[in-house]
Amino acid sequence: MNGGAGPTETFEDTFTRLFPRAYRLARRILGDAEAAEDVAAEALARAYAQWPRVESLPYRDGWILKVTTNLAIDRLRRHPADQPVPAALLAEDALVLRLALTAALRSLPRRQRQAVALRYLGELSEAEVAKALDVSVGSVKTHTHRGLAALRTKLGPEMAEVIPVAVDG
C-alpha cells in the first residue's frame, strides 16, 4: 500500500494529494511559509525525477515525507536558527519556542531526528514511519523514545511539556 495512494495514481495526483502535507511538515520544521513551500516543492520534484522507481515503492507517501524532512533540516543547517532575531520578534513566544525546538531537533542523531519529525511533525503512525525509514516498528519506537528523551534533556524542565509524550507500546 502507498499510504493512501492507489497503484495507478499518477504523479500529478500524488503531487496534488501530498503537496499540502509536505508543506505543513516543512512549515512545522522551518517556521517559514516561503521556505516550507520551496522545500515541499523540492521534495516532490525529486519524487518526479525518480518517478519510475518512486511510484512502485511500498510506501511512497512516507518516502516523500522523509525527503521533505531531510530537506527542511538541511535548509536549517545552511541557515541556522541561532542567527540574531530582531527584538520585536523575540516577544513572540511561538517564535522563541520554534527556535529552541528547531535547534534541539537539529542536534539529534539522524535516525532519531527522522523518527521524531515523521511521527510528530509529519503525523505518521509508527507503522508508517517504519515503512518510510525501512526499519521495524520496534526500531521506530526506540528512536522516537530516545529522541524525545534527548529533546526533553536539551530543552529543560520548563519546556518539557511541549515535547510529545513518549509513545507507549
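The values are calculated or read from the model by the stated rules, or taken from the named source; none is laboratory data. Please read these numbers as outputs of a predicted model, since none were measured by experiment. All Cβ positions, glycine included, derive from the backbone under ideal geometry; neighbour counts span all protein chains shown.
Residues in the range 1-33 that are modelled with pLDDT under 90, aliphatic (A, V, I, L, M) and surrounded by 15 or more Cβ atoms within 10 Å (Cβ to Cβ): Ala5, Leu25, Ala26, Ile29, Leu30. Being at pLDDT 90 or above, of a type in the set (Lys, Arg) and either more than 13 Å from the chain's Cα centre (by Cα) or at positive phi (or both) holds for only one residue in Arg46, Arg77, and it is Arg46. Among all positions in the range 121-128, there is at least one residue which is over 17 Å from Leu25 (Cα atoms), modelled with pLDDT of 80 or more, among the small types (Gly, Ala, Ser) and in a helix (DSSP H, G or I). Does Ala117 fit the bill of being assigned to a helix (DSSP H, G or I), in contact with a Ser or Thr (Cβ under 6 Å, 6 or more places away or on another chain), at pLDDT 80 or above and aliphatic (A, V, I, L, M)? Here the answer is yes, as Ala117 does meet what is asked. Annotation note: Cβ proximity below 9 Å between a residue of the range 19-41 that is farther than 13 Å from Thr69 by Cβ and a residue that is of a type in the set (Ser, Thr, Tyr) (sequence gap 6+ or interchain) occurs for Gly31/Thr102; Ala33/Tyr23; Glu37/Tyr23; Ala41/Tyr23. For Arg60, the requirement of being surrounded by 20 or more Cβ atoms within 10 Å (Cβ to Cβ) and over 23 Å from Leu105 (Cβ atoms) is met. Residue count for the range 47-72, restricted to those that are touching a strand residue (DSSP E or B) at 6+ places or on another chain (Cβ under 8 Å) and either among the hydrophobic types (A, V, I, L, M, F, W, C) or in a helix (DSSP H, G or I) (or both): 3.
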